[in-house]
Amino acid sequence: MSDAEFFPSALGTKDHWDAVYSCELQAFQEYGDEGEIWFGEGSMTRVVRWINAHTIPHSSSVLDIGTGNGMLLVELAKAGYSNLMGVDYCADAIALARSICEKEGVSQSVKLQVTDFLDSFSPSEQFDICLDKGTFDAVSLDPSDAQEKRTQYVNVLCTILKPKGLFIITSCNWTKEELLKQFDKEFEMIDALPTPTFSFGGQSGHSATALVFQRRGNS
Ligand SMILES: C[S@@+](CC[C@H](N)C(=O)[O-])C[C@H]1O[C@@H](n2cnc3c(N)ncnc32)[C@H](O)[C@@H]1O
């Protein structure tokens, strides 16, 4: 896919997310509002349900890349998962996620860290599962060099995910075929989660794409 098909946007900048989460953190502090769940509640439920249905051990290490308010991790903690981590390059997002985890009583199960996933993330151990809901989309819209950022994303993902580890991505920018093109070399798609459909002008499509990939290779 060429960048000509994709329009760089403020949504791909840290300044944008800093402004978003500064407001959301303030709203949480003032009114207890947990903020936006990207792609709606259903997008979280789908991922949690898939993980539960595949009897993945509760001790598995799970990383949420660009965790935002951390709600996906809260849901996983409530489902019994206890080795969870969320990273985000936006300090207010992590402050919000931390406050929500405390309020929901799941802080013991969730580690949170302010980190630029593309630049400075070097965990001590590889993860069993990596999750992404909307973060690869944001990276893909980076006005500086989106193609380079996407390549970097895949490279970092391959260093921090165990061989045969799972990568579950929800995107509203990319179709299934486009995501396959992005990840196919290093990952095998093992499932596609059902997502809501829409019709417009006689055409129908999906409002989001949610795929489960498994990292190829043994090392
Ligand atoms: C569309 S929001 C999704 C947030 C969250 N995953 C959710 O589903 O609510 C994208 C998130 O990615 C984060 N993000 C974007 N680029 C990042 C990077 N290079 N490193 C860490 N976080 C990043 C943003 O700060 C933002 O929280």
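Bear in mind these aren't lab numbers, they're just calculated from the coordinates by the rules spelled out. The structure presented is a predicted model; accordingly, all values stated were derived computationally and were not measured. As a convention, Cβ positions derive from the backbone with ideal geometry for all residues, glycine included, and neighbour counts pool all protein chains shown.
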Review point. Just from its helices, what would the mean residue ellipticity at 222 nm be for the chain, if runs of 4 or more DSSP H residues each count -39500 (n - 2.57) and the sum is divided by every residue, rounded to the nearest 500 deg cm²/dmol?
Key: -11500 deg cm²/dmol
Practice item. Can you pull the one-decimal nm distance between simple spin-label points at THR151 and GLU41, each 7 Å off the Cα toward Cβ? Key: 4.3 nm
Review point. How many nm is it between the label spots at TYR31 and ALA19, if each spot is 7 Å from the Cα in line with the beta carbon?
Key: 2.0 nm
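Can you give me the Kirkwood hydrodynamic radius for the chain, using every pair of distinct Cα atoms, in Å to one decimal? Intermediate values should be presented prior to the final figure.
Numbers: mean 1/r = 0.0566 Å⁻¹.
17.7 Å is the Kirkwood radius here.
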Point to revise | Whole-number percent relative contact order across region 83-123, with pairs defined as alpha carbons under 8 Å at least 6 apart | key: 55 percent
Check your understanding: If the cut-off is a Cα-Cα distance under 15 Å, which aspartates and glutamates reach LYS176, setting aside same-chain residues fewer than 8 apart in sequence?
Key -> ASP132, ASP137, ASP184, GLU188, ASP191
Practice item. Would you calculate the volume per residue, in Å³, of the smallest convex hull containing every Cα atom of region 1-105? Key: 123 Å³
Review point. Magnitude of the Cβ-charge dipole of region 7-215, K/R +1 and D/E -1, about the Cα centre, nearest 20 debye?
Key: 700 debye
**Study point:** Taking region 74-190 and dividing mean pair separation by its residue count, relative contact order in percent (alpha carbons under 8 Å, at least six apart)
**Key:** 24 percent
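Of the DSSP beta bridges with both residues in region 7-215, give the percent that are antiparallel, rounding to the nearest 5. Present the calculation step by step, with values, prior to reporting the outcome.
Working: 16 of 36 bridges.
The answer is about 45 percent antiparallel.
Determine the relative contact order of the chain: mean sequence separation of Cα pairs under 8 Å and six or more apart, normalised by residue count, in whole percent.
Working: 389 pairs, mean separation 43.2, N = 219.
Answer for the chain is 20 percent.
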